[in-house]
1. Output the qualifying pairs, or none if there are none: Cβ atoms under 6 angstrom, residues six or more apart or on different chains, first residue in the stretch 88-105 and touching a residue at least 12 places away in the same chain (Cβ under 8 Å), second residue surrounded by fewer than 23 Cβ atoms within 10 Å (Cβ to Cβ) and in a strand (DSSP E or B).
2. Looking at the stretch 24-73, what strands (runs of 3 or more DSSP E) fall wholly within it and have at least 3 residues that are touching a helix residue (DSSP H, G or I) at 6+ places or on another chain (Cβ under 6 Å) and either surrounded by fewer than 16 Cβ atoms within 10 Å (Cβ to Cβ) or modelled with pLDDT of 95 or more (or both)?
3. Any residue that is in a strand (DSSP E or B) and either at pLDDT 95 or above or more than 22 Å from residue 207 (Cα to Cα) (or both) - is there at least one of those in the stretch 93-104?
4. Output yes when any residue across the stretch 96-108 is within 19 Å of residue 63 (Cα to Cα), under 17 Å from the mean Cα position of the chain (by Cα) and buried (at least 20 other Cβ atoms within 10 Å of the Cβ), and no when none is.
5. Out of all the residues in the stretch 80-94, which are within 19 Å of the chain's Cα centre (by Cα) and over 23 Å from residue 176 (Cβ atoms)?
6. From 133, 204, 187, which residue is part of a loop (DSSP other than H, G, I, E, B) and at pLDDT 95 or above?
7. So which residues in the stretch 154-177 are assigned to a loop (DSSP other than H, G, I, E, B) and crowded, with 17+ Cβ neighbours inside 10 Å?
8. Quick check, is residue 180 in a helix (DSSP H, G or I) and either in contact (Cβ under 8 Å) with a residue 24 or more places away in the chain or at positive phi (or both)?
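The values are calculated or read from the model by the stated rules, or taken from the named source; none is laboratory data. As the structure is a prediction and not an experimental result, all values here were calculated from the model. We place every Cβ from the backbone using ideal geometry, glycine too, and count neighbours over all the protein chains shown.
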């Protein structure tokens with residue numbers, strides 16, 4: 001699969017490198033493709049990685065992952081070509097700068113705002129309730145970390161599910177895109193526990209049944 005990742009920070013870089021290891025072709029969309037950090041991430045992907053501008057990356061792939069800061073998301077989406085028909089995977093958490101909570105402007109959820117800003121795109125909320133450390137290594141003893149995802153398009157959700165399985169995460173279908181706010185609140189709980197509760201990044205949610 002060819003995946004455009006907009007952003008090459010900790011989340012975008014970790015996901016890109018791991019998916020490249022699984023045989024996917026990764027196109028990083030960044031402001032400066034020649035920047036040293038971007039070059040290092042691209043090299044970790046080997047022959048399956050490349051870096052171009054954000055509009056070029058978005059135009060090149062049917063599957064696009066948003067791994068950019070929430071406060072620039074609308075601007076970035078408005079800077080690229082219409083995304084109608086493309087699968088847009090949103091892993092953004094609209095967290096306040098001081099990590100005290102979610103941005104009150106991100107209502108009813110960041111994912112639903114993104115769907116409004118990208119008319120016709122098949123938006124899936126995914127990969128937002130785990131740390132980059134868990135993305136790199138999802139195994140906790142004999143258990144896999146859970147990866148919750150939601151959306152309104154079955155094809156797009158199937159792609160998100162496959163990409164989660166490729167990372168050895170346990171995908172959990174969490175319903176329609178209107179549930180994205182629940183996932184963003186769950187991510188806020190995770191952030192609180194990791195940063196203020198002393199758990200750190202090497203912890204993850206797990207859904208169990210009996």
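1. 94/102
2. The qualifying strands (runs of 3 or more DSSP E) are 25-29.
3. yes
4. No: zero hits.
5. Within the stretch 80-94, just 80 meets the criteria.
6. 204
7. 167, 169, 174, listed by residue number.
8. In short, yes.
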